[in-house]
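Engineer: Please read through the structure below; I'll follow up with questions.
The values are calculated or read from the model by the stated rules, or taken from the named source; none is laboratory data. Note that this is a predicted model, so its numbers are computed, not measured. Note that we place each Cβ from the backbone using ideal geometry, even for glycine, and neighbour counts take in every protein chain shown. SASA here: full protein model, heavy atoms, side chains in, ligands and nucleic acids out. Shrake-Rupley method; radii C 1.70, N 1.55, O 1.52, S 1.80 Å.
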Amino acid sequence: MADLDLNFVRSQFPAFAEPSLAGQAFFENAGGSYTCAPVINRLTRFYHQRKVQPYGPYEASRIAGDEMDAARSGLAAWLGVEVDELSFGPSTTQNTYVLAQAFRQFLSPGEAIVVTDQDHEANSGPWRRLAEDGIDIREWKMNPETGELKLEALEALLDEDVRLVCFPHCSNVVGQVNPVSDITAIAHAAGAFVCVDGVSYAPHGLPNVETLGPDIYLFSAYKTYGPHQGIMVVRRALADLLPNQGHFFNGDVRYKRFTPAGPDHAQVAACTGMVEYFESLAAHHGAGALDQGQRAGLVHDLMRAHEVALMRPVLDWIKAKNNLRLLGPVDPVERAPTLALALEDPPTDIAAALADCGIMAGASDFYAVRALRALGIDPDRGVLRISFTHYTSPDEINHLLNALEDVL
């Protein structure tokens with residue numbers, strides 16, 4: 001596999017040519033990534049030429065609907081799922097709340113859902129609220145020192161009452177990449193469905209959901225180089241069991257069953273630009289003639305290899321400091337480049353000082369309040385989070401390390 005062509009990658013993102021951002025290095029990608037040019041171009045074109053009610057008989061309307069359909073089919077193919085298994089919604093949080101309401105009607109009192117304390121609140125709170133209806137909520141707890149979710153701890157929670165297991169592909173503060181296929185196999189063997197929050201993983205390479213095996217996979221387009229949409233895969237076997245949450249007359253359309261609000265037409269259509277960007281990466285790196293799954297796999301691996309290489313010097317620098325606590329693994333292969341640091345100094349002060357050095361990073365609880373508490377960290381104090389992606393350069397990593405050295 002060839003190395004990622006970083007010059008080509010960065011040429012696809014207008015932010016890197018924006019004068020107002022010159023000299024600043026973006027390290028808060030876990031909160032939202034830069035948007036690629038194909039998405040921006042499609043969004044602009046839609047507002048200029050297609051901003052009408054879609055799926056009508058006139059030309060502008062027909063094209064608007066076609067572009068929305070192309071986004072769904074393109075992303076579904078890239079994720080290895082059927083077109084009617086993919087839905088768009090205003091956010092992953094909203095999508096999860098709607099799914100939770102479907103499960104509220106589907107489950108009976110005494111049946112159980114497993115959640116973790118490693119999650120962003122979006123994949124924890126909606127499920128926990130079902131306890132109000134008599135659903136047994138069981139918490140899969142992290143190791144309080146390492147933040148790891150142990151498989152044996154999950155197995156101890158499973159029995160015939162468990163109907164759903166919810167966990168993150170990757171925590172937005174711990175950063176560990178969880179073994180989705182292994183966890184899914186264990187849950188399925190126990191008779192439970194699986195819901196995976198992929199928000200913090202998908203920016204580092206869209207997964208093949210068919211291969212991983214979960215019944216639900218959720219992520220956010222705005223963290224994956226696209227517009228502010230939540231993207232949700234619900235596999236057919238589960239979608240057909242859950243009660244319809246949309247208009248009654250849309251109940252026979254799978255991708256409308258769990259999106260009761262009308263989608264943002266322009267943003268859905270612009271999501272095709274995400275696929276165009278990924279396809280351009282595949283073609284540029286010599287994979288244009290491969291089949292869809294092979295192209296997707298190659299792009300995923302290119303992104304991950306580049307990010308792992310970038311993480312090594314940062315993790316080495318962190319390991320050499322005795323006044324920092326890194327949450328999650330120290331091995332870059334085991335984690336995403338989302339590095340949360342517990343500090344002696346107030347993290348918000350450090351983030352402000354880094355901003356003066358041209359480093360854009362964040363300090364907060366990042367909606368992972370339960371995770372921070374489980375790791376013995378005061379959420380009100382929060383952590384400093386440094387997060388990057390495949391478009392980050394080695395020069396930006398050096399900029400970051402020099403700024404951290406100066407500030408800390």
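Engineer: Considering each residue of the stretch 1-21, count those that are part of a loop (DSSP other than H, G, I, E, B), at pLDDT 95 or above and farther than 19 Å from Gly273 by Cα, and give that number.
Structural biologist: If we filter the stretch 1-21 for residues that are part of a loop (DSSP other than H, G, I, E, B), which is where we start, we get 1-5, 12-13, 18.
If we keep only those that are at pLDDT 95 or above too, we end up with 4-5, 12-13, 18.
With the extra rule that they be farther than 19 Å from Gly273 by Cα, the set shrinks to 4-5, 18.
Number of matching residues: 3.
Engineer: Same structure, new question: Can you say whether Ala71 is in contact with a Pro (Cβ under 8 Å, 6 or more places away or on another chain), open to solvent by less than 10 Å² (accessible area, probe 1.4 Å), among the aliphatic types (A, V, I, L, M) and in a helix (DSSP H, G or I), as far as the supplied structure shows? Reasoning before the result, please.
Structural biologist: Details: in contact with a Pro (Cβ under 8 Å, 6 or more places away or on another chain): no; open to solvent by less than 10 Å² (accessible area, probe 1.4 Å): yes; among the aliphatic types (A, V, I, L, M): yes; in a helix (DSSP H, G or I): yes.
Against the criterion (in contact with a Pro (Cβ under 8 Å, 6 or more places away or on another chain), open to solvent by less than 10 Å² (accessible area, probe 1.4 Å), among the aliphatic types (A, V, I, L, M) and in a helix (DSSP H, G or I)), Ala71 does not qualify.
Engineer: Another one. Conditions: (1) β-branched (Val, Ile, Thr); (2) over 23 Å from Arg236 (Cβ atoms); (3) open to solvent by less than 10 Å² (accessible area, probe 1.4 Å). Val194 meets all but one. Number of the miss?
Structural biologist: Val194 satisfies all of (1) β-branched (Val, Ile, Thr); (2) over 23 Å from Arg236 (Cβ atoms); (3) open to solvent by less than 10 Å² (accessible area, probe 1.4 Å) except (2).
Engineer: Please go through the stretch 227-239 and pick out each residue that is in contact (Cβ under 8 Å) with a residue 60 or more places away in the chain and open to solvent by 30 Å² or more (accessible area, probe 1.4 Å).
Structural biologist: Of the residues in the stretch 227-239, the ones in contact (Cβ under 8 Å) with a residue 60 or more places away in the chain are 227-236, 239.
Within the stretch 227-239, His228, Arg235, Arg236 qualify.
Engineer: Same structure again: Say we look at the stretch 181-212 and pick out the residues that are part of a loop (DSSP other than H, G, I, E, B) and in contact with a Lys or Arg (Cβ under 9 Å, 6 or more places away or on another chain); which of these is farthest from Ala368 (Cα to Cα)? Don't jump to the end; show me each part of the working.
Structural biologist: The initial filter retains those residues of the stretch 181-212 that are part of a loop (DSSP other than H, G, I, E, B), namely 190-192, 198-201, 205-208.
Then keep just the ones that are in contact with a Lys or Arg (Cβ under 9 Å, 6 or more places away or on another chain); that gives 191-192, 199-200, 205.
Working: Gly191: 29, Ala192: 25, Val199: 13, Ser200: 12, Gly205: 22 Å.
It comes out as Gly191.
Engineer: May I ask you to verify whether Leu242 is assigned to a loop (DSSP other than H, G, I, E, B), touching a residue at least 60 places away in the same chain (Cβ under 8 Å) and not acidic (Asp, Glu)?
Structural biologist: Details: assigned to a loop (DSSP other than H, G, I, E, B): yes; touching a residue at least 60 places away in the same chain (Cβ under 8 Å): yes; not acidic (Asp, Glu): yes.
Taking the combined requirement at face value, the residue satisfies it.
Engineer: Residue check: is Pro203 within 30 Å of Leu343 (Cβ to Cβ), of a type outside the set (Ser, Thr, Tyr), out of contact with any strand residue (DSSP E or B) (no Cβ under 7 Å at 6 or more places or on another chain) and buried (at least 24 other Cβ atoms within 10 Å of the Cβ)? Give the steps one after another, and end with the answer.
Structural biologist: Values: within 30 Å of Leu343 (Cβ to Cβ): yes; of a type outside the set (Ser, Thr, Tyr): yes; out of contact with any strand residue (DSSP E or B) (no Cβ under 7 Å at 6 or more places or on another chain): yes; buried (at least 24 other Cβ atoms within 10 Å of the Cβ): yes.
Against the criterion (within 30 Å of Leu343 (Cβ to Cβ), of a type outside the set (Ser, Thr, Tyr), out of contact with any strand residue (DSSP E or B) (no Cβ under 7 Å at 6 or more places or on another chain) and buried (at least 24 other Cβ atoms within 10 Å of the Cβ)), Pro203 qualifies.
Engineer: Also: What about Asp117, is it more than 21 Å from Gln176 (Cα to Cα) and in contact (Cβ under 8 Å) with a residue 12 or more places away in the chain?
Structural biologist: Numbers: more than 21 Å from Gln176 (Cα to Cα): no; in contact (Cβ under 8 Å) with a residue 12 or more places away in the chain: yes.
For Asp117, the condition - more than 21 Å from Gln176 (Cα to Cα) and in contact (Cβ under 8 Å) with a residue 12 or more places away in the chain - is not met.
Engineer: Of everything in the stretch 258-287, what is out of contact with any helix residue (DSSP H, G or I) (no Cβ under 6 Å at 6 or more places or on another chain) and without any contact (Cβ under 8 Å) to a residue 40 or more places away in the chain? Give them in sequence order.
Structural biologist: The answer is Gly262, Glu279, Ala283.
Engineer: Select from the stretch 213-226 the residues that are at negative phi and open to solvent by 10 Å² or more (accessible area, probe 1.4 Å) and list them in ascending order. Lay out the reasoning, then the answer.
Structural biologist: We begin by selecting, within the stretch 213-226, every residue at negative phi; these are 214-224, 226.
If the condition is that a residue be at negative phi and open to solvent by 10 Å² or more (accessible area, probe 1.4 Å), then Asp215, Tyr222, Lys223 are the ones that fit.
Engineer: Picking from Ser124, Ser61, which residue would you name as being more than 29 Å from His265 (Cβ to Cβ) and assigned by the TED database to the domain that holds Asp252?
Structural biologist: Ser124
Engineer: Take the stretch 340-373 and flag every residue that is open to solvent by less than 30 Å² (accessible area, probe 1.4 Å) and under 17 Å from Met142 (Cβ atoms).
Structural biologist: If the condition is that a residue be open to solvent by less than 30 Å² (accessible area, probe 1.4 Å) and under 17 Å from Met142 (Cβ atoms), then Ala340, Ala342, Phe366, Ala368, Ala371, Leu372 are the ones that fit.
Engineer: Does Phe46 satisfy the condition of being open to solvent by 20 Å² or more (accessible area, probe 1.4 Å), more than 21 Å from the chain's Cα centre (by Cα), of a type in the set (A, V, I, L, M, F, W, C) and at pLDDT 95 or above?
Structural biologist: Working: open to solvent by 20 Å² or more (accessible area, probe 1.4 Å): no; more than 21 Å from the chain's Cα centre (by Cα): yes; of a type in the set (A, V, I, L, M, F, W, C): yes; at pLDDT 95 or above: yes.
For Phe46, the condition - open to solvent by 20 Å² or more (accessible area, probe 1.4 Å), more than 21 Å from the chain's Cα centre (by Cα), of a type in the set (A, V, I, L, M, F, W, C) and at pLDDT 95 or above - is not met.
Engineer: Those residues that are part of a helix (DSSP H, G or I) and either among the hydrophobic types (A, V, I, L, M, F, W, C) or touching a residue at least 60 places away in the same chain (Cβ under 8 Å) (or both), I need them from the stretch 51-68; list them, please.
Structural biologist: Start the filter on the stretch 51-68 by keeping residues that are part of a helix (DSSP H, G or I), which leaves 59-68.
Within the stretch 51-68, Ala60, Ile63, Ala64, Glu67, Met68 meet the criteria.
Engineer: So which residues in the stretch 374-400 are crowded, with 21+ Cβ neighbours inside 10 Å and small (Gly, Ala, Ser)?
Structural biologist: Gly382, Ser387
Engineer: Separate question: Regarding Arg325, is this residue touching a His at 6+ places or on another chain (Cβ under 8 Å), open to solvent by 20 Å² or more (accessible area, probe 1.4 Å) and outside the structural domain of Ala77 (by the TED database)? It would help to see each step written out before you state the result.
Structural biologist: Details: touching a His at 6+ places or on another chain (Cβ under 8 Å): no; open to solvent by 20 Å² or more (accessible area, probe 1.4 Å): yes; outside the structural domain of Ala77 (by the TED database): yes.
It is false that Arg325 is touching a His at 6+ places or on another chain (Cβ under 8 Å), open to solvent by 20 Å² or more (accessible area, probe 1.4 Å) and outside the structural domain of Ala77 (by the TED database).
Engineer: Here's a follow-up. Across the stretch 205-260, what is the total count of residues that are modelled with pLDDT of 95 or more, among the acidic types (Asp, Glu) and more than 20 Å from Val299 (Cβ to Cβ)?
Structural biologist: 2
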